[in-house]
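Working notes, structure below.
What follows draws every value from the coordinates through simple rules; no lab data is involved. What you are looking at is a predicted structure, and each value in this text was computed from that prediction instead of being measured. For neighbour counting, all protein chains shown are included, and Cβ atoms are generated from backbone atoms with ideal geometry for every residue, glycine included.
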Amino acid sequence: MVERMDLFHLPFYKKEAFTGSDRGLRFWIGKTELPAEEEGGTGETRLRAVVWPEPFSLKHTEDEKKKSKDFPFSEEGLDQAYEWIMGEGRELILS
């Protein structure tokens, strides 16, 4: 079982994404930039979590089988992403 302590700290996600799996569930956590609402504005940096069923990689899984949710780009957001993946995200994919 994946524990919260298995996920890297926030600085890791500034440059890389994290992938993992747990009992039939695969997941991806990475940085995403939300588009600016107005021309010349700056986009917001968020953490995005994506879940999908095994056995294939993210790239080789149909989009209809994937679910995602965005969180604040912070340690608290990473905690929220973990909770979503292991709770609601798991239920969305494996139920």
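Modelled spin-label separation between Leu58 and Phe8, with each label point placed 7 Å from Cα along the Cα-to-Cβ direction: 1.3 nm. As a calculated quantity, the FRET efficiency between Glu44 and Glu75 at R0 = 22 Å, using C-beta atoms, amounts to about 0.85.
The per residue volume of the convex hull around the alpha-carbon atoms of the chain is 110 Å³. Any chance you could count the Lys pairs in the chain whose alpha carbons are under 19 Å apart, treating pairs 8 or more apart or on different chains as valid? Lysine pairs meeting both conditions in the chain amount to 9.
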